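Undergrad: Here's a structure for you.
The values are calculated or read from the model by the stated rules, or taken from the named source; none is laboratory data. It should be emphasised that the depicted structure is a prediction, and the values quoted were computed from it without experimental measurement. Counting neighbours? That spans all protein chains shown, and the Cβs are built from the backbone with ideal geometry, glycine included. All accessible areas refer to the heavy atoms of the entire protein, side chains included, with ligands and DNA or RNA removed. Shrake-Rupley method; radii C 1.70, N 1.55, O 1.52, S 1.80 Å.
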Amino acid sequence: MVNPILKTCIAGIELKHPVMIGSGVLNDQPQLLERAIVEGEPSAIVTKTITWEAREGYSPPIIIELPQGGYLNAVGLANPGKDSIPSLIEVGYKYNTPVIVSIAGSSIKEFTDLAILAEEHKCIAIELNLSCPHVKGLGAELGRDPKMVYTVIKEVSSVIKIPVLAKLGPWDNIVQVSNKALEGGAKALVLINTIRGMIIDIYTMRPILSNVIGGLSGAPLHPIAVRIVYEVYRELEPEIIGVGGVIDYESAIEFLLAGAKAVQVVSALIKNGFKVIREIVNGIEDYLNIMNLKSINDIIGVIHKF
Amino acid sequence: MVQGIMKSAIITRIIKESKDCISIYLRSLKYRISKPKPGQFIMLWVPSYEEIPMSISGYYGDELRITVKARGATTKYLVNNAKPGLFLGFKGPLGRGIDDVKKLWNQKVVLIAGGIGIAPLAHLAYEIHSIADTYLIYGTRSASELILLKEFKNLCKDIYISTDDGSRGFKGTVVELATKVLPLIKPDAVIVAGPKEILKEIALYANKIGIDGWILGESIFKCGIGACGSCTIGKYILCKDGPVLTIKEFIKAIEMGN
């Protein structure tokens, strides 16, 4: 049996397989990035979202596992700030694994300054977090406004040569926002970010998260994310990275069939560790064999042919 | 797998242990709590205050005991206001404990506690005292801060005490006492809990004289489920890879810095 081809390509970046580590969990410290690469062998890693200044984030409770599955988090974009960028990128070169820096800003200047800084340190691509659902002024309001999305991406794209990926939230106008992101110069879309949610403890009669509202991630998000990837691909056929509830090879393959060229895993790392990435890659390989397909390209967007 | 879910709980009993320290007995209202491995912890949520890591000092089937010393805003609130009937929440038991206590069968084990580090060692002592020769070396600043001693007297072959002010036992630190006592006991293993500095000094000393064992690590735990990275020491995510680390793992982690 010939090994099927798992290679894929996003925004001109060659990936050895379609399973990346997405932004959000444990990826703002070099030694953890190293561990993620060694234990998980992802095809690329997106860092935790970095802001210009370091952010402490909210006070605990910040992350809760949900009885229904998945997680609710309001970490508050905690991150070590711009000074961490060089050491994070360096890990990628050391292990020959692309490190994509995720950034967020409270102004267009912060976005462009961060993007320039990352490019100066030979970053391979930038992911713009245009959809963090629980931090005021840093995401949600911006991300649902097609004009703002266009402006931020246009400005960032005009100051750097490396590709810009746009991570967008699950808004009702997602097709319109996606269209504007592409017009602005995004080379690929990362769909989707978490959805705003809330959990209440009935005995203390209080919301559990200190920020009251958080972002829902993990398995419950998956059908929504698949639907959005499907709709955006159907209307615009852009390059898409699917994210939201990838917990096994089946949930990854659904994204590929709906039109994504790669997927990102985040929440599943919490319970299953970085090794879950390798398990998903092996599962995709077995699936292609069972289906008698030669390449990952044979399944990307296939759902739209029927 | 429900460890990371916030479980509604009610306080059933409070025991005052010292001037600024209480034990709280907690009952989970919905979920059955699996038996914690020694060293595992919970994330205790006190509404209007924070969610904080807490060692487990006892397990009684449907109840957990935690022993709280007033230090930050949340623990001060608890020590002054906790009473039976108060609702709280917790995640857990969390993290890696000592996996297989049976391995300690017939061994000589010395527990070393600095300050409130005594709390998790109480649950551990209940788990191992019937299979291992258990000793305790325990230090606090002053005699009035010594707690849970009655229980340890029933669980240990011998207890060695230090106080910084000499109000009871050896006058000096628990580290100084340990370096005097360990060569005499010649244990097969030590298990250490307490402030970071004590963990570090005892770990380095035990390693030097060729004694194996574990430390119960201390760090800032914000999520408790290995997601936020605030507790990282070296490459270890302490709330998930620990809090129990072997002495060798711990030394490797502190050599890596941070």
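Undergrad: What is the set of long-range amide H partners of A:Arg206 at a cut-off below 5 Å, with H atoms built 1.01 Å from backbone N?
TA: A:Asp201
Undergrad: Evaluate peptide A:28-35: per residue, the Cβ atoms of other protein chains within 10 Å of its Cβ; return the mean as an integer. Each step should come with its number before you reach the end.
TA: On the way: counts 3, 6, 1, 9, 5, 0, 1, 6.
Average neighbour count from other chains, rounded to a whole number: 4.
Undergrad: Let me ask you something else. How tilted is helix B:196-208 with respect to the longest principal axis of chain B? Cα atoms for both, answer in degrees (0 to 90, nearest 10).
TA: 40 degrees
Undergrad: Which of the lysines could a cross-linker span from B:Lys222 if the Cα-Cα distance has to be under 16 Å and same-chain partners fewer than 8 positions apart are dropped?
TA: Within reach: B:Lys91, B:Lys240.
Undergrad: About its Cα centre, what dipole magnitude does region A:1-97 give when the only charges are +1 on Lys and Arg Cβ and -1 on Asp and Glu Cβ, stated in debye to the nearest 20?
TA: Values: 7 positive and 10 negative charges, 43 e Å.
It works out to roughly 200 debye.
Undergrad: Take the solvent-accessible surface of the protein heavy atoms, probe 1.4 Å, and return the percent of it on region A:139-180 that carbon and sulfur atoms account for. Display every interim value, and only then the final one.
TA: Working: 930 of 1860 Å².
Carbon and sulfur: 50 percent of the exposed surface of region A:139-180.
Undergrad: If you keep only loop residues by DSSP, which GluC sites (Glu not before Pro) in region A:1-61 have at most 13 other Cβ atoms within 10 Å of their Cβ? Walk me through the numbers before you get to the answer.
TA: Values: sites: A:Glu14, A:Glu34, A:Glu39, A:Glu53, A:Glu56; in loops: A:Glu53, A:Glu56.
Filter output for region A:1-61: A:Glu53, A:Glu56.
Undergrad: Would you mind listing how long region B:1-64 runs along its three principal axes, going by Cα atoms, in whole Å with the largest first?
TA: Each principal axis gives a Cα extent; for region B:1-64 these are 38, 28, 22 Å.
Undergrad: Just to confirm the filter: which chymotrypsin sites (Phe, Trp or Tyr not before Pro) across region B:30-93 are DSSP coil and have at most 15 other Cβ within 10 angstrom of their Cβ? Don't jump to the answer; show the numbers that get you there.
TA: Values: sites: B:Tyr31, B:Phe41, B:Trp45, B:Tyr49, B:Tyr59, B:Tyr60, B:Tyr77, B:Phe87, B:Phe90; in loops: B:Tyr31, B:Tyr49, B:Tyr60.
Sparse-neighbourhood loop chymotrypsin sites (Phe, Trp or Tyr not before Pro): B:Tyr31, B:Tyr60.
Undergrad: In addition: Antiparallel DSSP bridges in the protein assembly as shown: what percent, to the nearest 5? Write down the numbers at each step before the final one.
TA: Working: 51 of 103 bridges.
The antiparallel proportion sits near 50 percent.
Undergrad: Compute the relative contact order of region A:186-231 as a whole-number percentage, counting only Cα pairs closer than 8 Å that sit 6 or more residues apart in sequence. Display every interim value, and only then the final one.
TA: Numbers: 37 pairs, mean separation 18.3, N = 46.
Value for region A:186-231: 40 percent.
Undergrad: If ligands, DNA and RNA are left out, what is the accessible area of A:Ser251 with a 1.4 Å probe, given in Å² to the nearest 10?
TA: For A:Ser251, solvent-accessible area is about 10 Å².
Undergrad: Shifting gears a bit: Please compute how much accessible surface disappears when B pairs with A, both sides summed, using a 1.4 Å probe, and round it to the nearest 100 Å². Mind showing how you got there, number by number?
TA: Numbers: alone 11910 and 13570 Å², together 22900 Å².
Roughly 2600 Å² of accessible surface disappears when B and A pair.
Undergrad: So, one more: Dividing the alpha-carbon radius of gyration of the protein assembly as shown by 2.2 N^0.38 Å (N being the number of residues), what value is obtained?
TA: Working: Rg = 25.8 Å, N = 564, 2.2 N^0.38 = 24.4 Å.
For the protein assembly as shown, the normalised Cα radius of gyration comes out at 1.06.
Undergrad: My understanding is that a pair violates if its Cα-Cα distance is over 31 Å; which of B:Lys30/B:Lys196; B:Lys171/B:Lys235; A:Lys16/A:Lys82; B:Lys103/B:Lys153 do that in this structure?
TA: Working: B:Lys30/B:Lys196 35 Å; B:Lys171/B:Lys235 37 Å; A:Lys16/A:Lys82 29 Å; B:Lys103/B:Lys153 23 Å.
Beyond 31 Å between Cα atoms: B:Lys30/B:Lys196; B:Lys171/B:Lys235.
Undergrad: Here's a follow-up. Write down, largest first, the equivalent ellipsoid semi-axes of region A:238-282 in whole Å, where each equals the square root of 5 times an eigenvalue of the alpha-carbon gyration tensor.
TA: Working: eigenvalues 69, 20, 13 Å².
Square roots of five times the eigenvalues give 19, 10, 8 Å.
Undergrad: Further question: Taking R0 as 30 Å, what FRET efficiency do you get between A:Thr151 and B:Ala73 from their Cβ-Cβ distance, rounded to the nearest 0.05? Please list the in-between numbers first.
TA: Numbers: r = 43 Å, r/R0 = 1.42.
Once the sixth-power term is evaluated, E becomes 0.10.
Undergrad: Note down the accessible area of A:Tyr93, probe 1.4 Å, to the nearest 10 Å².
TA: 140 Å²
Undergrad: Once amide H atoms are placed 1.01 Å from N in the peptide plane, what residues at a sequence separation of 5 or more from B:Val244, or on another chain, have their amide H within under 5 Å of its amide H?
TA: Distant-sequence amide H within range of B:Val244: B:Arg96, B:Gly217.
Undergrad: Still on this model: Say a paramagnetic label sat at a point 7 Å from the Cα of A:Glu90, along Cα to Cβ; which residues of region A:25-41 have their backbone N under 16 Å from it?
TA: Backbone N within reach: A:28-35.
Undergrad: Semi-axes, largest first, in whole Å: what does sqrt of 5 times each Cα gyration tensor eigenvalue give for region A:47-154? Intermediate values should be presented prior to the final figure.
TA: On the way: eigenvalues 110, 74, 34 Å².
Listed largest to smallest, the semi-axes of region A:47-154 are 23, 19, 13 Å.
Undergrad: Hey, if you put +1 on the Cβ of every Lys and Arg and -1 on every Asp and Glu Cβ in chain B, which of B:Leu44, B:Leu104, B:Ser55 ends up farthest toward the positive end of that dipole?
TA: So the residue we want is B:Leu44.
Undergrad: Right, another one. List the residues, sorted by chain then number, that are 5 or more residues from B:Lys7 or on another chain and whose placed amide H is less than 5 Å from its amide H.
TA: Sorted by chain and number, the residues that satisfy this are B:Phe90, B:Lys91.
Undergrad: Which percent, nearest 5, of DSSP beta bridges in chain A are antiparallel?
TA: DSSP beta bridges in chain A are roughly 40 percent antiparallel.
Undergrad: Over region A:1-159, average the accessible area per residue using a 1.4 Å probe and give it in Å², no decimals. List each step's numbers first, then the result.
TA: Values: 6080 Å² over 159 residues.
I get 38 Å² per residue for region A:1-159.
Undergrad: So what is the relative contact order of chain A, in percent, for Cα pairs below 8 Å that sit 6 or more residues apart?
TA: It rounds to 20 percent for chain A.
Undergrad: Kindly write out, for region A:2-11 in residue order, the coupling ³J(HN,Hα) from the Karplus curve 6.51 cos²θ - 1.76 cosθ + 1.60 (θ = phi - 60°), rounded to whole Hz, with x marking Gly and Pro.
TA: Result, ordered by residue: 7, 5, x, 7, 9, 4, 9, 8, 10, 6 Hz.
Undergrad: Charges at C-beta only: +1 for Lys and Arg, -1 for Asp and Glu. How large is the resulting dipole of the protein assembly as shown about its Cα centre, in Debye rounded to 20? Kindly include the intermediate steps, with their values, before the conclusion.
TA: Numbers: 62 positive and 56 negative charges, 279 e Å.
Using only the charged Cβ atoms, the result is roughly 1340 debye.
Undergrad: Now a separate question. Is there a simple number for the mean count of other chain Cβ atoms within 10 Å of the Cβ of residues in B:46-59, and what is it?
TA: Working: counts 1, 9, 3, 3, 5, 9, 1, 1, 0, 0, 0, 0, 0, 0.
Average per residue, whole number: 2.
Undergrad: Moving to a separate point now. Averaged per residue, what accessible surface does region B:15-146 expose to a 1.4 Å probe, in Å²? Don't skip to the answer; put the middle values down first.
TA: Working: 5180 Å² over 132 residues.
Spelled out: the 1.4 Å probe surface of region B:15-146, per residue, equals 39 Å².
Undergrad: Calculate the translational D of region B:116-247 in whole µm² s⁻¹ from Stokes-Einstein, where the hydrodynamic radius comes from the Kirkwood formula applied to all Cα pairs, the temperature is 37 °C and the viscosity 0.692 mPa s.
TA: Working: Rh = 15.5 Å.
After rounding, the answer is 211 µm²/s.
Undergrad: If you plug each phi of region B:24-38 into the Karplus form 6.51 cos²θ - 1.76 cosθ + 1.60 with θ = phi - 60°, what whole-Hz ³J(HN,Hα) values come out, in order, with x for Gly and Pro?
TA: Each residue's phi maps through the Karplus curve to give 10, 9, 10, 10, 6, 7, 10, 8, 6, 9, 5, 5, x, 6, x Hz.
Undergrad: Stokes-Einstein D for region A:188-306 at 10 °C, 1.306 mPa s, Kirkwood Rh over Cα pairs, in µm²/s? Walk me through the intermediate numbers first.
TA: Values: Rh = 15.4 Å.
Taking Rh from Cα pairs, D becomes 103 µm²/s.
Undergrad: Additional query: Less than 15 Å apart at the alpha-carbon level, and either on another chain or at least 8 residues along: which aspartates and glutamates does that give for A:Lys122?
TA: Counting by Cα, and skipping residues close in sequence, A:Lys122 has these aspartates and glutamates nearby: A:Asp83, A:Glu90, A:Asp113.
Undergrad: Just the number, please: carbon plus sulfur as a percent of the accessible area of region B:149-258, 1.4 Å probe, no ligands or DNA/RNA counted.
TA: Result for region B:149-258: 53 percent of the exposed heavy-atom area is carbon or sulfur.
Undergrad: Moving on. Based on DSSP H runs of at least 4 residues, each adding -39500 (n - 2.57), what is the mean residue ellipticity at 222 nm of chain B after dividing by all its residues, to the nearest 500 deg cm²/dmol?
TA: Details: 7 runs with 65 residues, N = 258.
After summing the helix terms and dividing by residue count, I get -7000 deg cm²/dmol.
Undergrad: For peptide B:2-15, how many partner chain Cβ atoms fall within 10 Å of a residue's Cβ, on average?
TA: Values: counts 2, 2, 7, 6, 10, 2, 5, 3, 1, 0, 0, 0, 0, 0.
Per-residue shielding by partner chains comes out at 3.
Undergrad: Compute the relative contact order of chain B as a whole-number percentage, counting only Cα pairs closer than 8 Å that sit 6 or more residues apart in sequence. Before the final figure, lay out the partial values.
TA: On the way: 592 pairs, mean separation 44.2, N = 258.
Relative CO of chain B lands at 17 percent.
Undergrad: What is the distance in Å between the Cα centroid of region B:1-16 and that of region A:279-306?
TA: Spelled out, the Cα-based centre of one part sits 46 Å from the other.
Undergrad: Let me ask something additional. Which value, in debye to the nearest 20, describes the size of the charge dipole of region B:126-258 about its Cα centre when Lys and Arg Cβ atoms bear +1, Asp and Glu Cβ atoms bear -1, and nothing else is charged? Don't skip to the end; give the middle numbers.
TA: Working: 16 positive and 16 negative charges, 19 e Å.
Roughly 100 debye, rounded to the nearest 20.
Undergrad: Something else about it: For B:Lys16, which aspartates and glutamates qualify as cross-link partners when the Cα separation must be under 18 Å and same-chain residues fewer than eight apart are set aside?
TA: B:Glu63, B:Glu145, B:Glu151
Undergrad: Moving on to the next point. Could you tell me what percent of the DSSP beta bridges with both partners in region A:1-117 are antiparallel, to the nearest 5? Write out the running numbers ahead of the final one.
TA: Numbers: 7 of 11 bridges.
Bridges in region A:1-117 that DSSP calls antiparallel: roughly 65 percent.
Undergrad: For chain A, what are Rg and Dmax over the alpha carbons, in angstrom?
TA: Using the Cα atoms of chain A, the pair Rg, Dmax is 18.1, 59 Å.
Undergrad: For region B:81-139, which whole-number percentage of the solvent-accessible area (1.4 Å probe, protein heavy atoms only) is attributable to carbon and sulfur atoms? Let's see the in-between values first.
TA: Working: 1010 of 2030 Å².
That share works out to 50 percent.
Undergrad: Students often get this wrong: which residues of region B:123-165 have the backbone nitrogen under 14 Å from the point 7 angstrom along Cα-to-C-beta of B:Asp188?
TA: B:128-135
Undergrad: Using only DSSP helix segments of four residues or longer, with each worth -39500 (n - 2.57), what per-residue ellipticity at 222 nm results for chain A after dividing by its residue count and rounding to 500?
TA: Details: 10 runs with 109 residues, N = 306.
Result for chain A: -11000 deg cm²/dmol, rounded to the nearest 500.
Undergrad: Further, regarding this structure: Net charge within 12 Å of B:Leu104 by Cβ-Cβ distance, Lys/Arg positive one each and Asp/Glu negative one each, not counting B:Leu104 itself?
TA: On the way: positive: B:Lys102, B:Lys103, B:Lys108; negative: B:Asp99, B:Asp100, B:Glu127, B:Asp133, B:Asp188, B:Asp212.
Around B:Leu104, the surrounding residues sum to -3.
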